Each structure stands twice: as structure tokens, then as C-alpha cells.
Amino acid sequence: MRSIRDALIAFRRTPLLSVLSITTIAFSLFAFGLFGLVALNIREALDRLEDRVEIRAFVADGTAPESMAQAAGDIAAYPEVLATKSVSQDEALVRAKKELGDFRDVFEGAVLPASIDVRLKPGFRDPASVKRVSARIRAFSFVDDIRYGEEWIEKLYRLRNVAGIAGIVLGLSFAGVSMIIIGTTIRMAVLSRAKEISIMRLVGATDGYIRRPFLIEGLAKGILGGLLALLLTYVTRTIIDRYLIQTIFFDARVTLLGLLFGAMLGLLGSAFSVGRHLRRV
Amino acid sequence: MIRFTSVSKSYPRTGTAVDNVSLHIGRGEFVFFTGPSGAGKTTLLKMVYMEERPSSGEVRVSGTSSVTAGDREVAKLRRKLGIVFQDFRLLDNRTAEQNVAFALEVTDTAPAMIGPKVARALTQVGLAGKGTAFPRELSGGEQQRVAIARALVNDPFVLIADEPTGNLDDRATRGIFQLLREINASGTAVMMATHNLELIRRQEFRTIEMTRGAVVFDSAEQKPARES
Ligand SMILES: Nc1ncnc2c1ncn2[C@@H]1O[C@H](COP(=O)(O)OP(=O)(O)OP(=O)(O)O)[C@@H](O)[C@H]1O
Ligand SMILES: [Mg+2]
């Protein structure tokens, strides 16, 4: 109880620094949260996209349907392949018109190449597997050209990594800044209470007792920072959800982990600097 | 009760402050420490409450050894010691009562016990009527009495006083000294460093004189303790 009261008093004594500590902790977690959400949603999108990953092998004009069927059967036997489907020129046209909806007139009188569409088994949908299977299919003499989502997918993968790294770098930077500010706050608090602390020592207060209010103060700031970050992240996500694209949010476990991380930031920042500064009183 | 065994203390920049001191102080004794400025009196007292540890040798205080005691044990030891200084070291924003209570609050004393203990300590030092006064509203002598009350409130077995009258006029000095004698008469040992030779000369108490870190006279031995 005394510790909580002392923490509140300390809060009132240096309101600006306290608010600054909480805000930087919040920004640190907000950075983690925001870029974490980007990474999370890209991964989610990739999962859905990978479901549709197809290798489309375009077949030269005039290839006999029997040869195509034969090849489709061979390819379907590859260990990585889930299923294959032969698409004739006519079918390709129908599909293109359906996919493009209002713009179907564009295809009036056009000729689209026939193709063999290949779907891969889950677990073989990463860029490397796609490339390997494509290379084998390319060996069929009547295969003109091969398309797969290569660039798309690699870009998304890269974007996810960039978002992850950016989140970590930014988050750690803010975490560092929050540590410095917490350290400054505690230095000032320790100095302003130097006489009190030296008397506590003199009459036999334990180190743990002297530290406790500082640690509780740090913990409280960490938790408040965490809650603020959660609020910021949630609001940002809601805005994006409403006006831009549908997104998913962290599950309860990850959210709790984030709050815990905030609490740790506050607590460790305090513990570290209180130990250092108390030694000098 | 308090035993120094071949204790030396040297500081990095200033060199030897206490030089090979061995002495024993028994329960309920009253001991003066004298000697010129820089003789090592303050350093010696600091080693009793383990603010400083010996560079070599051992200080034992009521079962606590300077060689092995950790921070926690030192804290526990200090609850059984009373310590006062020349500059009183009171908290300006607390009343006399609150200053005395502070020593109990920060050492996990049951709240119900605090009030009665504080009242008793203030009565003992003759300040029963001034509990609600702030330090700035008290004379120097009265402030030192508050500090002594704070030192006594945990019922220490020894009161360590480093020039407790250094900031006081003659009258206040006599008052404080009289108080220390009463405290001693009730069974608490007193270790007091002072420059006031007049005070010492009129007393029958044990006197230890230090020069350049060494004990050069100890009235308990009735001869120079050590030539150097
Ligand atoms: N914290 C310290 N760091 C370095 N040297 C110190 C420290 N404290 C004391 N000394 C040195 O130790 C020696 C003894 O100092 P001490 O304070 O014990 O003397 P004293 O007998 O109490 O003197 P005084 O009568 O002036 O109070 C001095 O030479 C002093 O410079
Ligand atoms: Mg001194």
C-alpha cells in the first residue's frame, strides 16, 4: 500500500517525465503492434493466395489434345502436384470472359492459348518448389511458356519480412528511448529523495524496501504504456478495417504477451537504473 | 558486544584512515572517542554500523561480522543501533513525531505499535509537548533531541553519536550530554565522538584517543595503548 501511494506521489512529482515514459513505452509497443499487424495480415493473405497458386503451362498452337492429356497425367504424378487440368483454347476464352466480367467484350474474336493448369500440394507452394516444378514442366517440347505467381509471391514474402524488421527496429528504438527516460525519471526521483533514502538506510530499511516504490512505479508505467499501445493499435486497425481493407487482429494470447512486454519494459528499466543510482546515494 | 580485531581502513585517494585498531566495547558502556581532526573517529564509528567495511581485520557487532554480513544483515543490525550526527539529519517536511515514526515505518513495524513507541521516545528526550512541530520550528538542541528520539525508538543496545553537540552552544551541549547519560543509565551503551575536551575531563567515562588512525590512548587500559 505504501509503495502504491509512493508511486502515485512520485507520479505527481514529475508528471511530464511520467507521461513521457508511458508514451514512449506505448510508442515502442505501438510500433511492434502496427508492423506486427502488417506482417500478420500479409501472412494471412499469403496463406489464402498460396491456396490458389497455380502453375500455368501454355501449350503451343496445334498441339494434339491427346498429347496434352498425356502430359497432364504425367505431371499429376509428380510428388509436389495435387491436380492438373487441361484447358483448351475455347475454355480459356470462356474463363477469361468470366473473370473480367464487364470487360468481356475485349476478348471478342480473340484467341487465347490452351494450357495445362497445375495445382500444388500444401507445403510445396513456396517460391522454391514452384520454380522446381516449373522447370520440369518446361522440359515438354510443346510447352511454350510458363506463368506462375512468382514475382507476386516473392514480393509479398519480402514485404512481410520488411514489415517485420521495420517493426522490430522501430519498436526496439522506442524501447531504448523509454529506458533512457525511465532512467532519467528515476535518477531525479532518487536525487530528490536522497536524504530520505540515506535516513532509511541509517535506521535499517532493507534495499528491497527502498527499491520497491520505484519498481512499482516502473511496472505501473509499463502496464499503462501497454494499454495505451493496445488502444492505439486497435483504433488504427479499426480505421483501416473500415476504410481500406479487411484485416485480422492479434489473438488474446499475443495481446497479453504485448502487455506483458510493456510491463517488463517498465519494470526492468526501473530495476536497472534504480540499482545504479541508489548506489550513489 | 562490539569488537574490533586488527582493523585497518584505507581509502583510495586519502590513504589510511584507521590503522590496526583492536578494541572491545561491552554492554552498557559509555565511551568517548577523541583526537584531532582527521584522526579516524568518524571512520571508526561508520565501521560499527557498517557504512564502511574494514580493508583488513574484522568488526563484530552483536553477532554480525563485517567480513560476512550482506546488505540485508546490515539493515537488520541497524535496527538494533541508534545513530545520531552533528547535523541532525531530520526530514524538513515532517513533524517531530513523523520524523521519529519514519524509523518505524520503513522497518515494517506494526502500525498499531508506532504511535505509543513514538510518544514514549519523545517523552524520553523531553519533547513530549512538541511532537507536532516541524524541525524549522525547533532550536538546534531540540532538533538533536528529535534525532535522538528517532535513534532510540527501536530500543537500540548502543547509541552511536558522531559529534552530536558539534553544532550546539554550551547550554544545549550540556542538555544533550545529560540526556545521553540518562540513556546510558537506562542500559544503552553510548559511543560518542567529540572534540569537547572539557566535557570529557569532567567525566569518569572511558575515553579512547585516536591520532592518524591509531588508538593512542584508552583509559580502560590506563596506559598508552600503542606507541607509534
Ligand atoms: N569517504 C572518504 N573517502 C576518502 N577518504 C576519507 C573518507 N572519509 C574519511 N576519509 C579520510 O579518512 C581520514 C579520517 O577521517 P575521519 O572523518 O574518520 O576523521 P575524524 O576523526 O572523524 O575527523 P573530524 O574530527 O574532523 O570529524 C581523513 O584523512 C579523511 O581524509
Ligand atoms: Mg568526524
Selected residue (only one of B:174, B:206, B:212, B:202 is among the basic types (Lys, Arg) and within 16 Å of ligand 2 (Cβ to nearest atom)): B:212
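Take the conditions under 27 Å from residue B:114 (Cα atoms) and in the same structural domain as residue B:33 (by TED's automatic domain parsing) and apply them to residue B:186. Does it pass? It would help to see each step written out before you state the result.
On the way: under 27 Å from residue B:114 (Cα atoms): yes; in the same structural domain as residue B:33 (by TED's automatic domain parsing): yes.
The answer is yes for residue B:186.
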Filter result for residue B:160 (within 15 Å of the chain's Cα centre (by Cα), surrounded by 19 or more Cβ atoms within 10 Å (Cβ to Cβ) and assigned to a helix (DSSP H, G or I)): no
The listed residue being in a helix (DSSP H, G or I) and crowded, with 20+ Cβ neighbours inside 10 Å, out of A:128, A:175: A:175
Boolean, residue B:9 is within 15 Å of ligand 2 (Cβ to nearest atom), within 23 Å of residue B:181 (Cβ to Cβ) and crowded, with 21+ Cβ neighbours inside 10 Å: no
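Only residues that are surrounded by fewer than 22 Cβ atoms within 10 Å (Cβ to Cβ) and more than 10 Å from chain A (Cβ to nearest Cβ): list them for the stretch B:93-103, please.
So the first thing to find is which residues in the stretch B:93-103 are surrounded by fewer than 22 Cβ atoms within 10 Å (Cβ to Cβ), and the list is B:93-95, B:97-98.
Passing the criteria: B:95, B:97, B:98.
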Residue within the stretch B:38-48 that is more than 14 Å from chain A (Cβ to nearest Cβ), farther than 30 Å from residue B:131 by Cβ and away from ligand 2 (no atom under 16 Å from the Cβ) present: no
Single residue of the stretch B:58-92 satisfying the filter (within 16 Å of ligand 1 (Cβ to nearest atom) and not in a loop (DSSP other than H, G, I, E, B)) that is farthest from the other protein chains (Cβ to nearest Cβ): B:59
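Name every residue in the stretch A:226-281 that is hydroxyl-bearing (Ser, Thr, Tyr) and touching a residue at least 60 places away in the same chain (Cβ under 8 Å), in order of residue number.
Here is the first cut: in the stretch A:226-281, the residues hydroxyl-bearing (Ser, Thr, Tyr) are A:233-234, A:236, A:238, A:243, A:247, A:255, A:270, A:273.
A:233, A:236, A:247, A:270, A:273, listed by residue number.
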Residue list for the stretch B:30-80, restricted to those being touching a residue at least 60 places away in the same chain (Cβ under 8 Å) and closer than 21 Å to residue A:210 by Cβ: B:49, B:79, B:80
Cross-chain or 6+ apart pairs with Cβ under 6 Å, the stretch B:145-166 first and β-branched (Val, Ile, Thr), then assigned to a helix (DSSP H, G or I) and within 16 Å of ligand 2 (Cβ to nearest atom): B:160/B:45; B:160/B:48
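Consider residue B:106 carefully, then state whether it is over 16 Å from the mean Cα position of the chain (by Cα), surrounded by 19 or more Cβ atoms within 10 Å (Cβ to Cβ) and hydrophobic (A, V, I, L, M, F, W, C). I'd like the intermediate steps shown before the answer.
Details: over 16 Å from the mean Cα position of the chain (by Cα): yes; surrounded by 19 or more Cβ atoms within 10 Å (Cβ to Cβ): yes; hydrophobic (A, V, I, L, M, F, W, C): yes.
Against the criterion (over 16 Å from the mean Cα position of the chain (by Cα), surrounded by 19 or more Cβ atoms within 10 Å (Cβ to Cβ) and hydrophobic (A, V, I, L, M, F, W, C)), residue B:106 qualifies.
What helices (runs of 4 or more DSSP H) completely inside the stretch A:180-281 contain at least 1 residues that are surrounded by fewer than 13 Cβ atoms within 10 Å (Cβ to Cβ) and under 22 Å from the mean Cα position of the chain (by Cα)? Reasoning before the result, please.
On the way: elements: A:194-203, A:207-243, A:252-278.
Of the helices (runs of 4 or more DSSP H) lying wholly inside the stretch A:180-281, those with at least 1 residues that are surrounded by fewer than 13 Cβ atoms within 10 Å (Cβ to Cβ) and under 22 Å from the mean Cα position of the chain (by Cα) span A:207-243, A:252-278.
Sort out which residues of the stretch B:151-168 are in contact with a Leu (Cβ under 8 Å, 6 or more places away or on another chain) and away from ligand 2 (no atom under 16 Å from the Cβ), and write them in order of number.
Filtering the stretch B:151-168 down to residues in contact with a Leu (Cβ under 8 Å, 6 or more places away or on another chain) leaves B:151-154, B:156-162, B:164-165.
If the condition is that a residue be in contact with a Leu (Cβ under 8 Å, 6 or more places away or on another chain) and away from ligand 2 (no atom under 16 Å from the Cβ), then B:151, B:152, B:153, B:154, B:156, B:157, B:158, B:159 are the ones that fit.
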Residue in the stretch A:156-171 that is touching a Pro at 6+ places or on another chain (Cβ under 8 Å) and either within 14 Å of chain B (Cβ to nearest Cβ) or exposed (fewer than 15 other Cβ atoms within 10 Å of the Cβ) (or both) present: no
Options B:82, B:57: the member that is small (Gly, Ala, Ser) and under 30 Å from residue B:104 (Cβ atoms): B:82
Criterion violated by residue B:186 - all others in (1) within 18 Å of residue B:155 (Cβ to Cβ); (2) in contact (Cβ under 8 Å) with a residue 24 or more places away in the chain; (3) not aromatic (Phe, Trp, Tyr) satisfied: (2)
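Going through A:63, A:84, A:24, A:14 one at a time, which residue ends up being polar (S, T, N, Q), under 22 Å from the mean Cα position of the chain (by Cα) and surrounded by 15 or more Cβ atoms within 10 Å (Cβ to Cβ)?
Just a single option satisfies the conditions, and that option is A:24.
The values are calculated or read from the model by the stated rules, or taken from the named source; none is laboratory data. Computed from a predicted structure; not experimentally measured. In this analysis, Cβ positions are derived from the backbone assuming ideal geometry, glycine residues included, and neighbour counts consider all displayed protein chains.
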